Amino acid sequence: MARRGQRQTGARRTAPRAKRRPARDAEGLIPVLARAVREIEAAVERSNVQPSVRTKFQVVALLVREERARVNADANATDAYRATQLRRLDGLATILAKSAALDTSLLALLAEDAVISEAASVLKRDMLIAAGEEPTAVEPPPTEPTTAAAPPPRQVVPQSVVSRQLANPFLAPDFSAAAAAPRQPQVRRLSGWELINPLLKSFEYAAASASKSLPEPASLRLPGNLLELMPHQAQLIASASAGHRSFLLADEPGLGKTAQALLAAQAANAYPLLVVVPNVVKTNWAREAGIWTPKRVATVIQGDGDTIDGFADIVIVNYEVLDRHVGWLGDLGLRGMVVDEAHFIKNKKSQRSRNVLALSERIQSRTPRPLLMALTGTPLINDIDDFRAIWQYLGWIDEKAPRAELMAKLDETDLTPADPGFYAAARSCVIDMGIVRRRKVDVARDIPARRIADLPVELDGAVGRSIRAAERELADRLVARYETALATRTSGVTVEGIDHDLVRQVAGWERSEQAKAKTGDNIFSLVRRIGEAKAGLAADYAAQLAHNVGKVVFFARHIEVMDTAEALFAERGIRYSSIRGDQTAKKRQQNIDAFVNDPEVSIAVCSLLTAGVGINLQVSSNVVLAELSWTNAEQTQAIDRVHRIGQEEPVTAWRIIAAQTIDTRIADLIDTKAGLAARALDGSDEEVTSSADLQLEALVTLLTNALKP
């Protein structure tokens, strides 16, 4: 989540803080925040969390964090004053955490890269004024509010696009070919069958590698391009040249999916080409386009698109601002569309998914055989159902059934879901639509190996004791719920020893209700506290690595951990680059370039959520994971920023784990529940079910261990 101190760069860090009113308990910022916190708490307890409450929650959390930083940095404050203020802020933060535990949708507002809406900016200013401060004017953020009750997105048409429309009537897209395209004959044999679920189920048991057969390329060097492709990259380009037009490119991270997509578009002459990407990689896509397709002009949409080139061949836009531009993009005559990190659209109810699907549908209705590509090294995050939105974007299925091309392939099998051989045949049909999955071990053996090394650390002193006490308190609460459920059971079922089914049920209650008790930690706040407690130890280890072996990439989930690490590096005179979600694309790219190109910059301090995708940091071969992820895919994506094409040394990811805490169990769960995509796509015979819910499993472990004699 962007912090006020970073958005108001000059005012917050170089100008003196606005003068406060006299320091009385009834005045100042903390009483204003306290009133707002009580209103939030009351709304959450009534299950009446309206958009205004969500906005208030986000603003209060932001101001609590900033006030804490200000108090800590105030050189004129006495120790007693500082201790009192921090204690009061801790009380507010505790209530916010409990509210978020009751309504877990609020947790997204605390993410490091969460969007600050215009309404939030206005409320923040009003609260500061009410506290007797004079806030510095802040530009409204470039993105629109994303709450469920938000007004319809504001649509824009950049002036350069208008200029394109007026400059030459021959540039106007011609959609007549699509209208005149002959319809495929209707397939009737399977029309009465429900097929989407059987198609998904066909990937639960993987009998062979899920990758479409691709033609052998005539050359690894493309005409007019001095760069040489790797064989697996050239195969996909050859397939596009031969006429294939839809790809789920699921190569493992680090195998050059960006280059393959750009060159496939060139081979298919799929211009204008729209590329939808996470914000953090927009600049990198423009650079890659200049490298791989230098004769094609690429433009990047920022905000309302005032600076874009309306005549460009490649239009690059991030998910967050796409809603403003779907109108004119849909009328541009796009002949190709690439969605990077396509697992971002897996939730079909999200705004980003609706925007992508709407554009894809519009392109397919107006352009005969457009190029559609979905790029993701982790197409499955939670379960097999994650395929749905991607398949729909690619035009393979609609809401209820396979579309004509896939239906025709299924019809040719002469099988129905009632036949034993249907699932294997159906899986092959879907793969032939364009699933391409290659592993590093198979196609890039020259990339050195990687390993994950766990480094247990002891949390000593008061912090360690506090965390272990909080863990015991959480376990005791679970035991109490278990014993109550056991005592009030009416089914008559008796189980000798621990009733593991009831344990899982109790853990599920705890996770869903998120600790309705007025005291104690929940699993999210506990893990966050562990991460903050490890921060100094993890940063110290990263500093030692940088001194001994060279450049290091340091990943953390929470900005407090990043702040702690950066403070330690600055104290020791170690130069670092910071890669965060609240930076502009230009600033972020400058920091990436500094780490890659400047030998004096030793450490890249990266947000796990922001910098874990789409950037290349293979100048380093050592990664420090200061905090654990909640999915194996997130951890893998972070490591693969370093372990990718161009890496010349073995890669080691040093995972910092707090000994004698739930941290150790979470690390084990990440490892044992890894590889959902690998099992579904790489030919394992292991059954694929819903991926483990690590929060649930962690609670199960806590309760089970507490019940053991």
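The values are calculated or read from the model by the stated rules, or taken from the named source; none is laboratory data. This one's a predicted model, so the numbers in the text were calculated from it and none came from an experiment. Cβ coordinates were reconstructed from backbone atoms using ideal geometry, including for glycine residues, and neighbour counts include every protein chain displayed.
Pairing residues of the range 85-99 that are assigned by TED's automatic domain parsing to the domain that holds Pro31 with residues that are of a type in the set (Ser, Thr, Tyr), at Cβ distances under 7 Å and at least 6 apart in sequence or on separate chains, gives Ala97/Ser525. Restricted to helices (runs of 4 or more DSSP H) entirely inside the range 236-346, those with at least 3 residues that are modelled with pLDDT of 95 or more and either of a type in the set (Ser, Thr, Tyr) or within 27 Å of the chain's Cα centre (by Cα) (or both) are 257-268. Look at the range 389-416: where a residue is at positive phi and in contact (Cβ under 8 Å) with a residue 12 or more places away in the chain and a partner is surrounded by 16 or more Cβ atoms within 10 Å (Cβ to Cβ) and among the hydrophobic types (A, V, I, L, M, F, W, C), sitting 6+ places away or on another chain with Cβ atoms under 7 Å, you get Gly395/Leu372. Screening Arg665 on (1) in a strand (DSSP E or B); (2) modelled with pLDDT under 85 shows it passes everything except condition (1). Taken together, Ala207, Ala179 contain a single residue that is assigned to a helix (DSSP H, G or I) and at pLDDT below 90, which is Ala179. Scan the range 391-405 and give yes if some residue there is assigned to a helix (DSSP H, G or I), hydrophobic (A, V, I, L, M, F, W, C) and buried (at least 19 other Cβ atoms within 10 Å of the Cβ), otherwise no. For the range 391-405, residues assigned to a helix (DSSP H, G or I), hydrophobic (A, V, I, L, M, F, W, C) and buried (at least 19 other Cβ atoms within 10 Å of the Cβ): present. Take the residues in the range 405-455 that are under 26 Å from the mean Cα position of the chain (by Cα) and of a type in the set (D, E, K, R), then tell me which one is modelled with the highest pLDDT. So, considering only residues that are under 26 Å from the mean Cα position of the chain (by Cα) and of a type in the set (D, E, K, R), the one modelled with the highest pLDDT is Arg437. Go through the range 633-653 and count every residue that is in contact with a Ser or Thr (Cβ under 8 Å, 6 or more places away or on another chain), of a type outside the set (Gly, Ala, Ser) and closer than 21 Å to Arg528 by Cα. Counting residues in the range 633-653 that are in contact with a Ser or Thr (Cβ under 8 Å, 6 or more places away or on another chain), of a type outside the set (Gly, Ala, Ser) and closer than 21 Å to Arg528 by Cα gives 3. How do the pairs read when you match residues in the range 511-536 that are outside the structural domain of Val44 (by TED's automatic domain parsing) and modelled with pLDDT under 75 with residues anywhere that are of a type in the set (S, T, N, Q) and surrounded by fewer than 20 Cβ atoms within 10 Å (Cβ to Cβ), using Cβ under 7 Å and keeping only pairs 6 or more apart or on different chains? Going by the 7 Å Cβ cut-off, the qualifying pairs are Gln514/Thr104.
Applying the set (1) modelled with pLDDT of 75 or more; (2) surrounded by fewer than 18 Cβ atoms within 10 Å (Cβ to Cβ); (3) not in a helix (DSSP H, G or I) to Ser52 leaves exactly one unmet item: (3). Scanning the range 680-703 for residues that are at pLDDT 60 or above and outside any loop (DSSP other than H, G, I, E, B) returns Ala680, Leu681, Leu694, Gln695, Leu696, Glu697, Ala698, Leu699, Val700, Thr701, Leu702, Leu703.
Matching residues to (1) modelled with pLDDT of 90 or more; (2) under 19 Å from the mean Cα position of the chain (by Cα); (3) closer than 22 Å to Leu375 by Cβ; (4) among the hydrophobic types (A, V, I, L, M, F, W, C):
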{"site": "Ala567", "(1), (2), (3), (4)": "yes, no, no, yes"}
{"site": "Arg575", "(1), (2), (3), (4)": "yes, no, no, no"}
{"site": "Val601", "(1), (2), (3), (4)": "yes, no, no, yes"}
{"site": "Leu608", "(1), (2), (3), (4)": "no, yes, yes, yes"}
{"site": "Gly612", "(1), (2), (3), (4)": "no, yes, yes, no"}
{"site": "Gln618", "(1), (2), (3), (4)": "no, no, yes, no"}
{"site": "Thr631", "(1), (2), (3), (4)": "no, yes, yes, no"}
{"site": "Gln637", "(1), (2), (3), (4)": "no, yes, yes, no"}
{"site": "Asp640", "(1), (2), (3), (4)": "no, yes, yes, no"}
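Which of the residues belonging to the range 544-565 are at pLDDT 90 or above and small (Gly, Ala, Ser)? Within the range 544-565, Ala556, Ala565 meet the criteria. Take Gly192 and tell me if it is modelled with pLDDT of 90 or more, outside any helix (DSSP H, G or I) and out of contact with any Cys (no Cβ under 8 Å at 6 or more places or on another chain). Here the answer is no, as Gly192 does not meet what is asked. Output yes when any residue across the range 586-595 is without any contact (Cβ under 8 Å) to a residue 24 or more places away in the chain, within 28 Å of Gln233 (Cα to Cα) and among the acidic types (Asp, Glu), and no when none is. Scanning the range 586-595, I find at least one residue that is without any contact (Cβ under 8 Å) to a residue 24 or more places away in the chain, within 28 Å of Gln233 (Cα to Cα) and among the acidic types (Asp, Glu), so the answer is yes. Considering only the range 545-556, I want to know if a residue exists there that is free of Cβ contacts under 8 Å to residues at least 60 places away in the same chain and among the aromatic types (Phe, Trp, Tyr). Within the range 545-556, none of the residues are free of Cβ contacts under 8 Å to residues at least 60 places away in the same chain and among the aromatic types (Phe, Trp, Tyr). Within the range 101-132, which residues are at pLDDT below 75 and touching a Leu at 6+ places or on another chain (Cβ under 8 Å)? Correct list: Ala111, Glu112, Asp113.
For Gly536, the requirement of being part of a helix (DSSP H, G or I) and under 26 Å from the mean Cα position of the chain (by Cα) is met.
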